Every structure is written in C-alpha cells, then in structure tokens.
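Enquirer: First, the structure itself, so that you have it in front of you.
The values are calculated or read from the model by the stated rules, or taken from the named source; none is laboratory data. Owing to the predicted nature of the structure, the values given are computational and were not obtained by experimental measurement. Cβ coordinates were reconstructed from backbone atoms using ideal geometry, including for glycine residues, and neighbour counts include every protein chain displayed. Heavy atoms of the whole protein, side chains included, go into the accessibility calculation; ligands, DNA and RNA do not. Shrake-Rupley method; radii C 1.70, N 1.55, O 1.52, S 1.80 Å.
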Protein chains: 2
Amino acid sequence: MAELSTDERNAIIAVAQRLADAARKETLAHFRGAGLQTENKSQHHFDPVTEADRAAETAMRHLLAELRPQDSILGEEFGFHEGESDLTWVLDPIDGTRGYMSGTPTWGVLIALCGPDGPLFGVIDQPYTAERFMGGFGLAEMHGPHGNRRLDTRETSTLERAVLFSTFPEVGTDVERSAFHTLASQVKLTRYGMDCYAYALLALGQIDLVVEAGLQPYDIQAPIAVIEAAGGIVTDWQGNPAHQGGRVLAAGNAQLHAAALDILSQVPAG
Amino acid sequence: MAELSTDERNAIIAVAQRLADAARKETLAHFRGAGLQTENKSQHHFDPVTEADRAAETAMRHLLAELRPQDSILGEEFGFHEGESDLTWVLDPIDGTRGYMSGTPTWGVLIALCGPDGPLFGVIDQPYTAERFMGGFGLAEMHGPHGNRRLDTRETSTLERAVLFSTFPEVGTDVERSAFHTLASQVKLTRYGMDCYAYALLALGQIDLVVEAGLQPYDIQAPIAVIEAAGGIVTDWQGNPAHQGGRVLAAGNAQLHAAALDILSQVPAG
C-alpha cells in the first residue's frame, strides 16, 4: 500500500472523530434506559444485541457512505461492505454489550482504520465517561472531561509486579483458561470486568497486561492501534499479529510481553 | 434514639455533601497519577494504602471536627473517634483501592451516618465520573454530569433473569466461594470488578444482586442506606442485618432476595 499523505491521514482522523461522535449519541440515548430490549443472537450463550448497537453502527455506516464511499466497512452488526480502496473501517458499535446492559462504564465504541497489513488508526470511545482514546498516524492521546493526556504505556518489566486484566475469569477453552490462570497466579493483581476499557487503561499506563481469547477482528483492531501508538505490544499467544482476533496478549512493553508469552505460548496454536 | 428533626436531617445531608466534595478533591488529585506510592498494609495479601486514602479521610475528619464535633467517627484508615451523640459517621475514603490503583472508575468514597440500629443516611460517590448516589431521610437520588435521577431498584424476581455482581470471583472462604458459585450458576449473568459501584448500579435499577464476603462495616453501611432508600434489601447470608460487615447479600426486591438467600443460607453462620 502506498504511504498515506498527511492530508489523507488528517482526513481519516477527522472522519473517525465524527464516527465516534455519532456512535456516542446513539449509545447514550439507550444507556441505562428503562425500556432497553435485548434479544439473544446466539442459541448457545447469552449474547444480547440491543437497539443501541444497531443504531450506532447504522449511524457510522451512513457517515462513511457520505464521507468515505471508497473504503470497505466491516462491522459487528451488519457485516462486510466492499469498497474500492485498500482501506477498511472496522466497527464495533458497542464492545462489552453485557457491561452496557448492566450500566457499567466499561463498554466502548471501537473504530479502526485497517490497511492490508493491519490497523493504522484506532479509537476507543467511552461515551458515558466522555473519554476518547486515539492512536495512530503519530497520535497517542486521551481526550476527556478531566483534560487531555498523552497515552504512554508503563515500564513494569516483571510479572510479579504486573497488573493483569481480562473481561471474564472464564477465559476461552479449557486449555486457554488453564494458561490464563497460570499467568494470573504469577502477577501481582488480576482484575476482571472492564471490557475494552482495559485496553484503554493499558495505553494510559495504568495497568500492564490484558489477556483474552475468542475475540473477533472488530474487538481488537482499535485497541491494537491505540496500544501500539502508546508504546505497547499486542500479539496473539504465539507472538504473531492479532488483528484477525482469536487469542490476544497486550502488554505495556517488550520485556513484560516476552515474560507473559513464555506462559501463554505453551498452548498449542488454535 | 429520638427521631431526628427535619432540620437535623437536612443538616446531616448537607454535611455529607461537604465530606464527599472534600474526599472527591483529594482522591482525584492522586488518581491515575504517575507518582502514586503504595505500601502493603497487610503481610498476608495485597492491600495497597495510598496517600489519597489518608488525605481524603483526614479532610473528612477535619470537616467533622468543625461541623459535627458531637458525633463519633469510624474510618478505615484512622479508626474510631468517640463523640458524645449516638450518631457515628462511618467513612471509607477509597472503597476499591485495587480499582483505584488500576485506574478504573469503579472505586468510591463511602460515607454513612449510623445510629444505634444501623445506617440512616449514605453516600456512594464516584469522583472520576462525578456521580453521587445518596439514600436516606426520604432521599434516593443520583446526581451526575448526565443529569439527576431517582434511585429505584428493579423488579427482576427470578434468579434465571437476574444479573449478579461481586468484586472478585475468589469470594471469601472455600465454603463461601462454593455457595457464591452455586448462586452464580443459576443467574443469567455474573460480572466482576465493580467495587462499590456495583451497589450503586443495584440502587439505580441496572443490576439485581450483589454478593460479597469478608466486608468491614465501613464497606457496607453507605451501600445499605442507599439501596434501602431505593427499595432494595441488604442482609447477611442468614437474612440478618449486615451493617457490621462480613457476608453481604444485596437484592433489588424481596422475592429475589429470598431466592438468593435460599442458596446462601446453606453456609453455616461464620
């Protein structure tokens, strides 16, 4: 892919802001509402889909049709739309629907712009706290009501001093869960329940590791862009690119990433 | 205890606001700061105490010395101070220190005014989201940047439709953990990691159950006041008052409380 010009990069950053603004409005309109309806998308497990998911993705798709008709779109709710450029907007209108349904400020809107080799720019937006974490094209910033701040992962280099997050203690398959809990037994603190907000906290230098399994591409592409821009590393459990989803290991720095990978890479490639 | 006059109640509510304002300032001054120092209060487990804890409790104690010198004070960091009235201010400057250290907006400042028979008024304040949940003396309200809202627990009456929260999956002792996970296996959804914010979400009608063990009085007195004001029920696992701490079951309504108690009361009184 040809290098993007500065004008093109700035245009992409501006479009990403407009998408996040639109999704923020739609998701907040239903958040903590009394009449929120859920339905079960899967026969096999609890997977609520809300009006808000669909409304937010629809709003973003309408904006892209107007502002970036040349690009492809991959969204959680409405699938793949093929464009003519080699750029794809990857959208998760509400990452952490269970958190959203429970009223926690842990879910987020995930927006990534992906080239042929992976994500180039990403946004993790938390509409209720009004925090927006952005990374890529030389940008690594959080904007929020308490002020703006540069994203910068921290230097914790040993597992025994590290803080690890994952969304659920029931991580993935039996073998994945076992490897996760081996890692958890070696860190200072393990916490759960933060959805995509955990990746934002890693980029902000507040925590050290996020480990998950069974992710979709739209769950992880924006976090990859934001964390890499902040100086962190995101791979799968074999150390390979993670932008296709599956098992994810995000770390604040190379030394800690290597220490966690030593444990997680014992799991045979899935 | 003699019934408190309306003037006295209003004075107490006003003092509680000033305490929460003071604690909000002190806790935010250190939240997500780069130089935050922790030390280990316990030899046995990770229990960080921060400057912010101490500064917030000190600020609240100074205000009480000025505004309510007649009342007793029980605080997490500086213990019991005996006053002359039969009222006690019960303070937890940062409930959820691990969440605070990890940058999550799940910790809170807990302030309760307790009479001889239990809490009369309580505040759960989340300084970063600027949300304040208050209950007692006829008040049941959340104030926050998205507007004010009446607190009102929801009517979910069966376990199979209920959303359950607890701070950690490793709840209490082996026998307590086993009972918790039996309950968790019967609900629609179990989530972790919210610290005292889970009680606020229950009062707001967003979730249905919070179950914890090993609590201190200052961990639970403010949540009891807020949840009861919102129409919910908080007891220990035998259905008795929970304001002395220990095992706690908070539910949005009597029917759901009874269903959860059926399981948790199998654990012999501790």
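Enquirer: Looking at the stretch B:180-204, which of its residues are under 17 Å from the mean Cα position of the chain (by Cα) and of a type outside the set (Asp, Glu)? If you could, list the steps in order and put the result at the bottom.
Expert: Taking the stretch B:180-204 and keeping what is under 17 Å from the mean Cα position of the chain (by Cα), we get B:192-204.
Scanning the stretch B:180-204 gives B:Tyr192, B:Gly193, B:Met194, B:Cys196, B:Tyr197, B:Ala198, B:Tyr199, B:Ala200, B:Leu201, B:Leu202, B:Ala203, B:Leu204.
Enquirer: Can you tell me which residue is least open to solvent (accessible area, probe 1.4 Å) among those in the stretch B:137-146 that are in a loop (DSSP other than H, G, I, E, B) and more than 11 Å from chain A (Cβ to nearest Cβ)?
Expert: B:Phe137
Enquirer: Please tell me if B:Ile233 is more than 14 Å from chain A (Cβ to nearest Cβ), without any contact (Cβ under 8 Å) to a residue 40 or more places away in the chain and within 12 Å of B:Thr153 (Cα to Cα).
Expert: yes
Enquirer: Is there any pair with a first residue in the stretch A:18-33 that is within 13 Å of another protein chain (Cβ to nearest Cβ) and a second that is of a type outside the set (A, V, I, L, M) and assigned to a helix (DSSP H, G or I) whose Cβ atoms are under 8 Å apart and which are 6 or more apart or on different chains, and what are they?
Expert: Listed pairs, sorted by first residue: A:Thr27/A:Tyr100; A:His30/A:Glu51; A:Phe31/A:Tyr100.
Enquirer: What tally of residues in the stretch A:208-251 results from selecting those that are buried (at least 20 other Cβ atoms within 10 Å of the Cβ) and over 15 Å from the mean Cα position of the chain (by Cα)?
Expert: Result for the stretch A:208-251: 2.
Enquirer: Please go through the stretch A:46-74 and pick out each residue that is closer than 23 Å to A:Pro116 by Cβ, open to solvent by 50 Å² or more (accessible area, probe 1.4 Å) and touching an Asp or Glu at 6+ places or on another chain (Cβ under 6 Å).
Expert: A:Gln70
Enquirer: With the requirement that a residue be within 28 Å of B:Glu3 (Cα to Cα) and not in a strand (DSSP E or B), what does the stretch B:85-125 give you?
Expert: If the condition is that a residue be within 28 Å of B:Glu3 (Cα to Cα) and not in a strand (DSSP E or B), then B:Ser85, B:Asp86, B:Leu87, B:Pro116, B:Asp117 are the ones that fit.
Enquirer: Sticking with this one: Output yes when any residue across the stretch B:242-261 is on the phi < 0 side of the Ramachandran plot, part of a loop (DSSP other than H, G, I, E, B), within 14 Å of chain A (Cβ to nearest Cβ) and touching a residue at least 40 places away in the same chain (Cβ under 8 Å), and no when none is.
Expert: Yes, the stretch B:242-261 has at least one match.
Enquirer: Whether any residue in the stretch B:75-84 is within 14 Å of chain A (Cβ to nearest Cβ), crowded, with 20+ Cβ neighbours inside 10 Å and outside any helix (DSSP H, G or I) is what I want to check.
Expert: Checked against the condition, which is being within 14 Å of chain A (Cβ to nearest Cβ), crowded, with 20+ Cβ neighbours inside 10 Å and outside any helix (DSSP H, G or I), the stretch B:75-84 yields no hits at all.
Enquirer: Which residues, counting only those in the stretch A:190-230, are assigned to a helix (DSSP H, G or I), under 16 Å from A:Thr167 (Cβ atoms) and within 13 Å of chain B (Cβ to nearest Cβ)?
Expert: Of everything in the stretch A:190-230, those that are assigned to a helix (DSSP H, G or I), under 16 Å from A:Thr167 (Cβ atoms) and within 13 Å of chain B (Cβ to nearest Cβ) turn out to be A:Tyr197, A:Ala198, A:Tyr199, A:Ala200, A:Leu201, A:Leu202.
Enquirer: To continue, here is another question. On the given criteria, is A:Val187 in contact (Cβ under 8 Å) with a residue 24 or more places away in the chain, more than 9 Å from chain B (Cβ to nearest Cβ), assigned to a loop (DSSP other than H, G, I, E, B) and among the hydrophobic types (A, V, I, L, M, F, W, C)?
Expert: Yes; evaluated as a whole, the condition is true for this residue.
Enquirer: Let me confirm something: among B:Glu141, B:Glu131, B:Glu170, which residue is free of Cβ contacts under 8 Å to residues at least 24 places away in the same chain and in contact with a helix residue (DSSP H, G or I) (Cβ under 8 Å, 6 or more places away or on another chain)? Break it down stepwise before answering.
Expert: Details: B:Glu141 fails: in contact with a helix residue (DSSP H, G or I) (Cβ under 8 Å, 6 or more places away or on another chain); B:Glu131 fails: free of Cβ contacts under 8 Å to residues at least 24 places away in the same chain.
Of the residues listed, the single one that is free of Cβ contacts under 8 Å to residues at least 24 places away in the same chain and in contact with a helix residue (DSSP H, G or I) (Cβ under 8 Å, 6 or more places away or on another chain) is B:Glu170.
Enquirer: Would you confirm whether any residue within the stretch B:16-23 is open to solvent by 60 Å² or more (accessible area, probe 1.4 Å) and at pLDDT below 95?
Expert: No.
Enquirer: What about A:Phe180, is it open to solvent by 20 Å² or more (accessible area, probe 1.4 Å) and either over 13 Å from A:Leu110 (Cβ atoms) or not in a loop (DSSP other than H, G, I, E, B) (or both)?
Expert: Values: open to solvent by 20 Å² or more (accessible area, probe 1.4 Å): no; either over 13 Å from A:Leu110 (Cβ atoms) or not in a loop (DSSP other than H, G, I, E, B) (or both): yes.
It is false that A:Phe180 is open to solvent by 20 Å² or more (accessible area, probe 1.4 Å) and either over 13 Å from A:Leu110 (Cβ atoms) or not in a loop (DSSP other than H, G, I, E, B) (or both).
Enquirer: Across the stretch B:101-119, what is the total count of residues that are more than 14 Å from chain A (Cβ to nearest Cβ) and crowded, with 24+ Cβ neighbours inside 10 Å? Spell out how you get there, then give the answer.
Expert: Step one: of the stretch B:101-119, the residues more than 14 Å from chain A (Cβ to nearest Cβ) are B:109-119.
Narrowing further to those that are crowded, with 24+ Cβ neighbours inside 10 Å: B:109-114, B:119.
Selection size over the stretch B:101-119: 7.
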